[in-house]
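Step one of this worksheet: look at the structure below.
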Amino acid sequence: MPRIHNSITDLIGNTPLLELHNYRRKRDLGGRIIAKLEYFNPAGSVKDRIAWAIVKDAEDAGKLRPGDLIVDVTSGNTGIGLAAVAASRGYRAKFYLSDNISPDKVKILRLYCAEIVTVENQFFLDPQALEKITQRVKDENPGAFFTDQLANPANPRVHFETTGPEIWRDTDGAVDILVGGVGTGGTLSGGGRFLKSKKPGLKVVIAEPAEGSLPTEENPYPDEIDGVHKVTEVPAEQLPGNFDTTIADEVIALNTADARRAALDLVADEGIFAGTSSGAALWAATQLAGRPENAGKVIVAVLPDIGERYLASFK
Ligand code: PMP
């Protein structure tokens, strides 16, 4: 078999697991933390998985023709994944982004030839924001293919079919806890559902932003954890359709400074520079690994992307 691949879409998934031995030893943690390094995907994040799954579904259903426009609302990574897949498959891409996302991601999107529409971050405080932005995207782009990452079933499905099984296979079934953040909810809902189907006692833990790291009317531009949202005390209609509200066994809240510090600890101890939501997952995993009842447990933390995507916010 030649080892030459033919498309970036062939390079998505099968990302490595890395046990954080130095990090664990330094903190004397009982639990074992294993990082799933999603920045190994070809366009640099976990979102490459859903980008290709959604486009492939649309191609199979005859909804996409060469030259067509792909549109979505994204905090950056889905846009980058979709723009990469669009380049590889011959489509155009356009994204609606809130105006507080990492400037590094905006630059990357532009370099990938995507058209960008920015939306004021305050807009997303409206309880009807998701409905309204969806309508706006459809109205402004007649004939375009709206990928709808928040509700498209291909999103949790690809995590059920790939992310979850990879973790199961690569830990040889030893995984006890899956921890990560929720943006669309696809990763933890799909991956978590698969892993729970294999091991009913497995726990899914969500790392969510604490109050001080969330926008409010008074402070619409706090220092946020890019890509992840609060899930507790949020009315069901404001949660993404792809988030399975029954999946979590526990939710751990943290602020952005904690997430960033954990990300920097990971660089110092293991030589891995992951993004802010990765730091959040690691911070939550660290709390879990420190509990006596989790001594010897295998805690898999999903690290969605690379820290270089947030250079402007790491001081
Ligand atoms: N972290 C980052 C940096 C992301 O871009 C996303 C996706 N928005 C997530 C975490 C959460 O992933 P999911 O959408 O699968 O819940």
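The values are calculated or read from the model by the stated rules, or taken from the named source; none is laboratory data. This is a predicted model, so every value here is computed, not measured. When we count neighbours, we look across all protein chains shown, and the Cβ atoms used for this are built from the backbone with ideal geometry, even at glycine. In case anyone asks, the SASA skips ligands and DNA or RNA and just uses the protein heavy atoms, side chains included. Shrake-Rupley method; radii C 1.70, N 1.55, O 1.52, S 1.80 Å.
Of everything in the range 78-104, what is over 20 Å from the mean Cα position of the chain (by Cα), closer than 21 Å to Asn155 by Cβ and not in a helix (DSSP H, G or I)? Give them in sequence order. Selection gives Tyr91 alone. Every test in (1) surrounded by fewer than 24 Cβ atoms within 10 Å (Cβ to Cβ); (2) out of contact with any helix residue (DSSP H, G or I) (no Cβ under 7 Å at 6 or more places or on another chain) is passed by Thr74 save one, and that test is (1). Any residue at all in the range 286-306 that's closer than 29 Å to Thr147 by Cβ and open to solvent by 50 Å² or more (accessible area, probe 1.4 Å)? No. Give the residues of the range 252-291 that are touching a residue at least 60 places away in the same chain (Cβ under 8 Å) and of a type in the set (Asp, Glu), sorted by residue number. Of everything in the range 252-291, those that are touching a residue at least 60 places away in the same chain (Cβ under 8 Å) and of a type in the set (Asp, Glu) turn out to be Asp265, Asp269, Glu270. Taking every residue in the range 133-161 that is at positive phi and pairing it with any residue that is surrounded by fewer than 21 Cβ atoms within 10 Å (Cβ to Cβ) and of a type in the set (Gly, Ala, Ser), at least 6 positions away or on another chain, the pairs with Cβ-Cβ distances below 9 Å are Asp148/Gly241. In the range 33-50, the condition of being surrounded by 24 or more Cβ atoms within 10 Å (Cβ to Cβ), of a type in the set (Ser, Thr, Tyr) and part of a loop (DSSP other than H, G, I, E, B) is met by no residue. Within the range 272-285, being open to solvent by 10 Å² or more (accessible area, probe 1.4 Å) and either of a type in the set (D, E, K, R) or out of contact with any Gly (no Cβ under 6 Å at 6 or more places or on another chain) (or both) holds for Ile272, Trp283. Considering the range 181-222, and only residues there that are among the charged types (D, E, K, R) and open to solvent by 30 Å² or more (accessible area, probe 1.4 Å), the residue that is farthest from the chain's Cα centre (by Cα) turns out to be Glu218.
Against the list (1) within 9 Å of the ligand (Cβ to nearest atom); (2) farther than 15 Å from Gly227 by Cβ, the condition Pro304 fails is (2). Can you name the condition, by its number, that Ala84 falls short on among (1) buried (at least 24 other Cβ atoms within 10 Å of the Cβ); (2) out of contact with any helix residue (DSSP H, G or I) (no Cβ under 7 Å at 6 or more places or on another chain)? Tallying (1) buried (at least 24 other Cβ atoms within 10 Å of the Cβ); (2) out of contact with any helix residue (DSSP H, G or I) (no Cβ under 7 Å at 6 or more places or on another chain), Ala84 fails exactly one: (2). For the range 141-166, the set of residues classified as aliphatic (A, V, I, L, M) and either more than 14 Å from the ligand (Cβ to nearest atom) or open to solvent by 10 Å² or more (accessible area, probe 1.4 Å) (or both) consists of Ala144, Leu150, Ala151, Val158, listed by residue number. Exactly one residue out of Thr256, Thr232, Thr246 is touching a helix residue (DSSP H, G or I) at 6+ places or on another chain (Cβ under 7 Å) and of a type in the set (S, T, N, Q), and it is Thr256.
In this entry, Ala174 passes the filter for residues that are closer than 21 Å to Ala301 by Cα and of a type in the set (Gly, Ala, Ser). Within the option set Ala280, Ala248, Ala312, being within 16 Å of the ligand (Cβ to nearest atom), in a helix (DSSP H, G or I) and within 17 Å of the chain's Cα centre (by Cα) holds for one residue only, Ala280.
Among the residues of the range 105-146, just one is of a type in the set (D, E, K, R), within 23 Å of Val46 (Cα to Cα), assigned to a helix (DSSP H, G or I) and in contact with a Phe, Trp or Tyr (Cβ under 9 Å, 6 or more places away or on another chain), namely Lys105. Suppose the filter is away from the ligand (no atom under 16 Å from the Cβ) and not in a helix (DSSP H, G or I); does Pro240 pass it? So Pro240 does not fit the description; no.
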